[in-house]
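Let me begin by presenting the structure, written as structure tokens, before commenting on it.
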Amino acid sequence: MIKNKKILGIIIRAIGLVALIVTHPINAATYNFSYTGVFTVLDQTGNYVINSDVPSNSWNGTRTDISGNFTFNDATGVSTSTINSFMLFGAPISFSTANSIAIGDGIGSPGNLLVSTMTFDYDTNIGVPLDIVYDATGLFNALQFGMSVGDVISGDQLLDSMSNVLVGSLGSVLPASDGVTLGPLSLQIGPTPVAATTWNVSNPGNLNAIYPLTADTIGGSTQLSGLFTGLSLNLDIGDAGSMYLESIVPSPVPVPASIWLLLSGLGVLALKLNVKRVV
């Protein structure tokens with residue numbers, strides 16, 4: 001009897017959710033950011049590999065400043081990002097557009113992980129796969145609070161276009177490479193809205209076959225083959241710099257998709273944001 005009541009309760013809640021969607025459909029929005037961040041290479045012991053092309057930058061060559069564009073759809077959990085090319089160890093490195101998807105906690109429960117897959121070209125090495133598992137707590141909390149064009153996610157804070165603090169702490173986490181030191185020097189990045197973790201995917205280059213995730217205690221994506229075999233590459237977004245919201249593009253989600261998204265948990269954020277935007 002108790003089991004039947006639980007099942008009935010689940011059905012009633014599901015019907016209620018469907019009714020909520022029909023009367024108040026989810027409106028997805030794609031948020032388009034420009035960003036600055038840092039790129040870090042760690043060896044098999046977790047220590048820095050110095051980029052000889054930027055020995056005198058603010059990181060003493062341990063990290064390389066990067067920039068690019070980042071988009072996120074608040075209903076589907078899908079994002080894309082670009083990284084502007086830069087010099088690394090005497091040669092240019094360029095990246096394909098990265099495709100990402102929100103994956104909860106990575107083991108089937110709610111969470112703030114975002115897995116990103118891309119390729120890079122370096123010297124004569126073409127199309128090398130690179131997958132990074134991020135903790136996007138800061139980004140997701142900023143979106144849940146509600147952002148307007150011109151707002152800025154700066155580390156752990158949400159600022160408006162005039163640099164006034166809208167949220168003092170977004171819960172942004174520290175990147176996995178944050179605690180690495182260079183001798184007596186502490187070169188911490190600080191809280192980051194989209195921070196590289198120690199997680200690695202099972203099958204690099206394939207978002208449909210990333211599980212199970214494994215952690216090796218070293219930040220970033222460990223390269224399994226090629227020129228950088230054994231090295232871990234980190235791309236942290238919005239950490240040393242910021243994520244600037246350039247535009248918001250709304251697009252309604254069809255009701256069947258809305259139902260699937262809400263029942264799967266991916267549409268909850270979009271529903272909250274939609275209610276906040278229209279109220």
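Residues in the stretch 158-177 that are in contact with a strand residue (DSSP E or B) (Cβ under 8 Å, 6 or more places away or on another chain) and in a loop (DSSP other than H, G, I, E, B): ASP160, SER161, SER163, GLY168, SER169, LEU170, SER172, LEU174, PRO175, ALA176, SER177. ALA195 meets all of the listed conditions (1) part of a strand (DSSP E or B); (2) closer than 19 Å to SER247 by Cβ; (3) not basic (Lys, Arg) but one, namely (2). There is no residue in the stretch 203-217 that is at pLDDT 90 or above, surrounded by 22 or more Cβ atoms within 10 Å (Cβ to Cβ) and not polar (S, T, N, Q). In the stretch 8-114, counting only strands (runs of 3 or more DSSP E) that sit wholly within it, the ones holding 2 or more residues that are modelled with pLDDT of 90 or more, surrounded by fewer than 21 Cβ atoms within 10 Å (Cβ to Cβ) and touching a helix residue (DSSP H, G or I) at 6+ places or on another chain (Cβ under 8 Å) span 98-102.
If we scan the stretch 121-143, do we find a residue that is free of Cβ contacts under 8 Å to residues at least 60 places away in the same chain and aromatic (Phe, Trp, Tyr)? The answer is no; no qualifying residue exists. Is there any pair linking a residue in the stretch 229-244 that is among the β-branched types (Val, Ile, Thr) to one that is part of a loop (DSSP other than H, G, I, E, B), with Cβ under 8 Å and at least six apart or on different chains, and which? Cβ pairs passing all conditions: THR229/GLN223; ILE237/PRO193. The listed residues are ASP178, ASP160, ASP105, and the only one of them that is more than 22 Å from ALA215 (Cα to Cα), of a type in the set (D, E, K, R) and over 12 Å from the mean Cα position of the chain (by Cα) turns out to be ASP160. The set of residues in the stretch 54-94 that are more than 21 Å from LEU42 (Cα to Cα), among the small types (Gly, Ala, Ser) and out of contact with any Phe, Trp or Tyr (no Cβ under 9 Å at 6 or more places or on another chain) comprises ALA75, GLY77. Is it the case that some residue within the stretch 149-157 is over 25 Å from LEU42 (Cα atoms), in a loop (DSSP other than H, G, I, E, B) and either modelled with pLDDT under 90 or not hydrophobic (A, V, I, L, M, F, W, C) (or both)? Yes; the residues of the stretch 149-157 include at least one that is over 25 Å from LEU42 (Cα atoms), in a loop (DSSP other than H, G, I, E, B) and either modelled with pLDDT under 90 or not hydrophobic (A, V, I, L, M, F, W, C) (or both). The set of residues in the stretch 238-255 being buried (at least 19 other Cβ atoms within 10 Å of the Cβ), modelled with pLDDT of 95 or more and not hydrophobic (A, V, I, L, M, F, W, C) consists of TYR244 alone. Number of residues in the stretch 218-237 that are modelled with pLDDT of 90 or more and either among the aromatic types (Phe, Trp, Tyr) or not in a strand (DSSP E or B) (or both) equals 8. Going through (1) surrounded by fewer than 21 Cβ atoms within 10 Å (Cβ to Cβ); (2) in a strand (DSSP E or B); (3) modelled with pLDDT of 95 or more one by one, ILE126 falls short only on (3). Scanning for something surrounded by fewer than 16 Cβ atoms within 10 Å (Cβ to Cβ) and either within 25 Å of TRP59 (Cα to Cα) or not aliphatic (A, V, I, L, M) (or both), does the stretch 135-142 turn up at least one residue? Looking for residues that are surrounded by fewer than 16 Cβ atoms within 10 Å (Cβ to Cβ) and either within 25 Å of TRP59 (Cα to Cα) or not aliphatic (A, V, I, L, M) (or both), one finds none in the stretch 135-142, hence no.
The values are calculated or read from the model by the stated rules, or taken from the named source; none is laboratory data. Everything numeric in this text was worked out from a predicted model, so none of it was measured. Virtual Cβ from ideal backbone geometry, glycine too; neighbours counted across all protein chains shown.
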